[in-house]
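To keep things clear, I will list the structure first and then write my remarks on it.
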Amino acid sequence: MNWAKAAKTLVPVLIILAVAGIWLLKNSQNGSNGAGSPGVEDSNPGFALHVTEKINLEELRSYGIPIVIDFGADSCIPCKEMAPVLRQLNEELRGEAIVKFVDVWKYPSLVEGYPVSVIPTQVFIDSNGKPYMPKDPDSLGLKMYSTKDTNEHVFTTHEGGLTRDQLLWVLEEMGLER
């Protein structure tokens with residue numbers, strides 16, 4: 001009987017320890033990887049790839065680096081093709097550029113306020129915190145959005161997938177310093 005009581009107490013404790021151990025292991029692997037600029041912590045949510053809460057564009061603009069926000073879905077084929085590129089650029093350029101991904105099927109409210117009608121769609125903001133003004137918008141099929149009343153340029157987007165080289169080209173034109 002004493003073994004039964006001990007087992008009833010020991011099993012939940014072991015489960016809690018296992019969960020805590022897995023959590024610690026997972027979070028230690030997500031720590032600093034040596035990429036990016038000094039002073040920019042990898043744990044900073046501004047630099048996280050996957051977006052699950054409303055984006056604070058003012059905070060992101062305050063870093064003074066180019067921003068790419070990709071609106072897509074984990075189960076969209078062109079989005080799946082871009083996923084490794086986004087992941088790689090997010091890690092490589094940490095502190096030099098902000099690369100984000102919003103799954104619009106999982107978090108549909110996060111697309112509100114952005115001109116997204118197809119996925120994937122990328123939104124570009126330059127290192128000055130302004131909507132990207134490309135030298136040649138037609139080169140990549142970029143779309144420019146302006147307000148109706150003041151004609152102020154508010155968004156530059158691209159619809160469809162982009163390659164790593166294309167994204168790097170846009171980031172460099174937006175002020176990425178490497």
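Read the figures in this text as sums done on the coordinates, not as results from a lab. This one's a predicted model, so the numbers in the text were calculated from it and none came from an experiment. As a convention, Cβ positions derive from the backbone with ideal geometry for all residues, glycine included, and neighbour counts pool all protein chains shown.
In the neighborhood of Glu112, defined by Cβ-to-Cβ distances under 15 Å, what is the net charge if each Lys or Arg adds +1 and each Asp or Glu adds -1?
Charge balance in the 15 Å sphere: 0.
Could you please rank Arg61, Arg178, Arg94, placing first whichever residue has the fewest other Cβ atoms within 10 Å of its Cβ?
Fewest-to-most Cβ neighbours within 10 Å comes out as Arg178, Arg61, Arg94.
Where both partners of a DSSP beta bridge lie in the stretch 45-173, what percent of those bridges are antiparallel, to the nearest 5?
Approximately 60 percent, going by the DSSP bridge assignments.
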